[in-house]
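These notes concern the structure reproduced below.
The values are calculated or read from the model by the stated rules, or taken from the named source; none is laboratory data. Computed from a predicted model, the values in this text were never measured in an experiment. Cβ coordinates were reconstructed from backbone atoms using ideal geometry, including for glycine residues, and neighbour counts include every protein chain displayed.
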Amino acid sequence: MSDVLRRKVWNILKLHIWDDWSSGAWDYTTPKVQAIEELYLSIWYFLGWDLDSLSRYNRTPSKHIGYDTLKSLFLEGDWFRVLDLLEFVVLKWNPGREDLVGAVNRAFEQEFSAYRIIGGMIVPISDIVEVQTVESAMASSCPHSSTHIKTAAKLLALRPHPDFRNVIKESISAVETACRQRTGHSTLGEALKKIPLPSCLKEGFTKLYAWTCGPEGLRHALMEESTVTHAEAKFMLVTCSAFTNYLEEVLPKK
């Protein structure tokens, strides 16, 4: 994570959140000031810091204030802890969240970051079409399929060590669930036989399913060391998201 991106992210948080704290507002005179105070306290809990070290948020002549502590963490902390904290702030901040997410994603794009905020998670997917594909699958009318996609994205976003094997497991499970709900069959292999798809597309997903269940043990030999790569995990998440979106359009669920 470059120094420039760190500064841009901090400046976005400053403009969208921190600057709305008004001096002397400890009586919670506005809903937004109260929201900032609650966010500040929840950050301390999230970081696992001793509450006895909780300093006042507002800017004062003191050298040890909450604002400076947070700024130092964003500008100097480990990259994965910065992203974890940013993700937490996005999750917790309700006023103007959509604008905040948009600003952060624009900063990621400007600085050629491999990450984007998708469904409230900072995920290593940057292509705009891929982002929209996963977001659409997360909003699927099939709640169980949507849950699998969200779980896969969360596993891909784990920092500093993503769980690639289970990204694939959850991704193909999303397709399996979407197909099963439309056919009543218990396995993807059987369900695909009953879904009116172009033969090449059906054959392709049948082979993908066979790969996830094959000798590399992506789904069934979880105790063995994984050799799954980021590229494979990302491919499966995006591809399975696209397939569930396709089913939503051409074959509404029963």
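Of all residues being under 20 Å from Ile36 (Cβ atoms) and in a helix (DSSP H, G or I) in the range 103-122, which is nearest to the chain's Cα centre (by Cα)? Just the residue, please. The qualifying residue nearest to the chain's Cα centre (by Cα) is Val104. Taking residues in the range 122-139 that are on the phi < 0 side of the Ramachandran plot and among the small types (Gly, Ala, Ser), and partners anywhere that are in a helix (DSSP H, G or I) and surrounded by 17 or more Cβ atoms within 10 Å (Cβ to Cβ), the pairs with Cβ atoms closer than 6 Å and at least 6 places apart or on different chains are Ser136/Asn245; Ala137/Ile149; Ala137/Ser241; Ala137/Thr244; Ala137/Asn245. Working only within the range 186-216, note down all residues that are assigned to a loop (DSSP other than H, G, I, E, B), surrounded by 14 or more Cβ atoms within 10 Å (Cβ to Cβ) and at pLDDT 75 or above. Passing the criteria: Ile195, Leu197. Out of all the residues in the range 68-102, which are of a type in the set (Phe, Trp, Tyr), touching a helix residue (DSSP H, G or I) at 6+ places or on another chain (Cβ under 8 Å) and assigned to a helix (DSSP H, G or I)? Phe74, Phe88 - these are the residues of the range 68-102 that are of a type in the set (Phe, Trp, Tyr), touching a helix residue (DSSP H, G or I) at 6+ places or on another chain (Cβ under 8 Å) and assigned to a helix (DSSP H, G or I).
Contact map, the range 153-180: first residue surrounded by fewer than 24 Cβ atoms within 10 Å (Cβ to Cβ), second residue among the acidic types (Asp, Glu) and not in a loop (DSSP other than H, G, I, E, B), Cβ cut-off under 7 Å, separation 6 or more or different chains; pairs are Leu155/Glu170; Arg159/Asp84; Phe164/Glu232.
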